[in-house]
Amino acid sequence: MKKNIAVIFGGRSSEHEVSCVSAATVIRSLDENKYNVILVGITRGGRWLLVDKLKDIEDGSWRESKVNAVISPDTQDQSLILLAEGTYRLQPVDVIFPVLHGLNGEDGTIQGLFEMAQIPYVGCGVLASAVSMDKVYTKIIVEDLGIRQAEFVHIRRSDLDQIEDALDRAEAKLSYPMFVKPSRAGSSVGVSKAENREELSAALSKAAEHDRNILVEETIVGREVECAVLGGKEVKASGVGEILAAADFYDYDAKYNNQESKTLIDPPMPEETREEIRRSAAEIFKAVDGYGLSRVDFFIAESGEVVFNEINTLPGFTSISMYPMLWAAQGIETPALADELIRLAEERFE
């Protein structure tokens, strides 16, 4: 008997479009002989819509759907409520596969809804999602592990009312250039590199447009590498991939719009460095109470030192996304990867 898999995509975050592209990849990988796939799109305005077919996602017409599809929080239902023309029906769901990036998608909010409904779902739970989405609090946890990471200063949006004091605090701990990031935005949205005090002031204002918490970090000069983590009771780490950014740093435009940006799977590096990255990735995943999947990002500094950057609990699944590419290099193609993520989702609720 086929399982009903609800793939949820879109969302209200700045990564709405990336989510739609990721969802298309996931949907194509789901075996129609095993699964009855139900598509649910969330518009930028927050409307939940039943989507008819994959083509509607690819051409954007899904936003014109006339059928609302929302999750019933009643644990007796374990269903979507489908509403159209003044009538409703329940659509049972066995597993939810969220393909949502950024706020309201991988920050624990929607995971809380899944938990209330008691519907098994792919990926990290509420705690891991919330903590990992927030770069400041991730760094506080990783600090306790003794894993090297960039030095940082936490600045709140309200601190910008006294901007000179905020600038002084950052300059007292860090040297230029500094990276400035919204604490809870993804895909490098709102990230800037500041070379001087004037640029730092502008970068803080830009980051504050996306979040009330802002992370100011020391610049780590070196290679950008990533490691995929998969598992539940048993956790395994993939090989290591490297980002070759076309821009000065791997921002949103460089990641998704610049064809010169490239990714390398298992690039050359000392074996002990590779193993340290894999070991640290699994350790950080466990420390934040990760489950299912995550991508953990590091730098290899010019000195050869491995430096933790961030963890993404719902990494991209586009054709250029590192997470599925790293597992494909290990012999786990995306259809098998999707099967395993669904299996893990069910195992957690057993």
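The values are calculated or read from the model by the stated rules, or taken from the named source; none is laboratory data. Computed from a predicted structure; not experimentally measured. Neighbour counts are summed over all protein chains in view; Cβ atoms, including those assigned to glycine, are modelled from backbone coordinates with ideal geometry. Protein only, heavy atoms only, side chains kept; ligands, DNA and RNA dropped before computing areas. Shrake-Rupley method; radii C 1.70, N 1.55, O 1.52, S 1.80 Å.
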Residue hits (the range 207-248; open to solvent by 20 Å² or more (accessible area, probe 1.4 Å) and either on the phi > 0 side of the Ramachandran plot or part of a strand (DSSP E or B) (or both)) are GLU218, GLY222, ARG223, GLU224, VAL235, LYS236, LEU244
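With the structure loaded, tell me whether ASP134 is within 20 Å of the chain's Cα centre (by Cα) and acidic (Asp, Glu) or whether it fails that test.
Values: within 20 Å of the chain's Cα centre (by Cα): yes; acidic (Asp, Glu): yes.
Considered against the rule, which asks whether it is within 20 Å of the chain's Cα centre (by Cα) and acidic (Asp, Glu), ASP134 comes out as yes.
Looking only at residues that are among the hydrophobic types (A, V, I, L, M, F, W, C) and part of a loop (DSSP other than H, G, I, E, B) in the range 28-69, which one is surrounded by the most Cβ atoms within 10 Å (Cβ to Cβ)?
Among them, the one singled out is LEU30.
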I need the full set of residues from the range 111-157 which are more than 22 Å from ILE284 (Cβ to Cβ) and touching a Leu at 6+ places or on another chain (Cβ under 6 Å), in order please.
none
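Which one of THR75, THR87 is touching a helix residue (DSSP H, G or I) at 6+ places or on another chain (Cβ under 7 Å) and over 29 Å from ILE332 (Cα atoms)?
Details: THR87 fails: touching a helix residue (DSSP H, G or I) at 6+ places or on another chain (Cβ under 7 Å).
Unique residue meeting the criteria: THR75.
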Considering each residue of the range 185-204, count those that are open to solvent by less than 60 Å² (accessible area, probe 1.4 Å), within 21 Å of SER158 (Cβ to Cβ) and either touching a Leu at 6+ places or on another chain (Cβ under 8 Å) or hydroxyl-bearing (Ser, Thr, Tyr) (or both), and give that number.
6
What number of residues within the range 101-123 satisfy the criterion of being part of a loop (DSSP other than H, G, I, E, B), among the hydrophobic types (A, V, I, L, M, F, W, C) and either in contact with an Asp or Glu (Cβ under 6 Å, 6 or more places away or on another chain) or open to solvent by 10 Å² or more (accessible area, probe 1.4 Å) (or both)?
1
Of the conditions (1) among the charged types (D, E, K, R); (2) assigned to a loop (DSSP other than H, G, I, E, B); (3) modelled with pLDDT of 95 or more, the single one that ARG12 does not satisfy is (3)
How many residues does the range 146-179 hold that are open to solvent by 40 Å² or more (accessible area, probe 1.4 Å), within 28 Å of ILE300 (Cβ to Cβ), in a helix (DSSP H, G or I) and in contact with a strand residue (DSSP E or B) (Cβ under 7 Å, 6 or more places away or on another chain)?
1
Could you count how many residues in the range 81-120 are in contact with a Ser or Thr (Cβ under 7 Å, 6 or more places away or on another chain) and not β-branched (Val, Ile, Thr)?
15
For the range 83-127, give me each residue that is at negative phi, within 11 Å of the chain's Cα centre (by Cα) and of a type in the set (Gly, Ala, Ser).
GLY105
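Inspect all residues belonging to the range 339-350 and state whether any of them is in contact with a helix residue (DSSP H, G or I) (Cβ under 6 Å, 6 or more places away or on another chain) and not small (Gly, Ala, Ser).
Going through the range 339-350, the residues in contact with a helix residue (DSSP H, G or I) (Cβ under 6 Å, 6 or more places away or on another chain) turn out to be none.
No, the range 339-350 contains no residue that is in contact with a helix residue (DSSP H, G or I) (Cβ under 6 Å, 6 or more places away or on another chain) and not small (Gly, Ala, Ser).
Condition check: modelled with pLDDT of 95 or more and touching a Ser or Thr at 6+ places or on another chain (Cβ under 9 Å). Does LEU127 satisfy that? Reasoning before the result, please.
Details: modelled with pLDDT of 95 or more: yes; touching a Ser or Thr at 6+ places or on another chain (Cβ under 9 Å): no.
No, not satisfied.
Here are VAL191, VAL122, VAL153: which of them is under 30 Å from ALA345 (Cβ atoms) and in contact with a helix residue (DSSP H, G or I) (Cβ under 8 Å, 6 or more places away or on another chain)? Talk me through it step by step, then tell me what you get.
Details: VAL191 fails: under 30 Å from ALA345 (Cβ atoms); VAL153 fails: under 30 Å from ALA345 (Cβ atoms).
Going through VAL191, VAL122, VAL153 in turn, just one is under 30 Å from ALA345 (Cβ atoms) and in contact with a helix residue (DSSP H, G or I) (Cβ under 8 Å, 6 or more places away or on another chain): VAL122.
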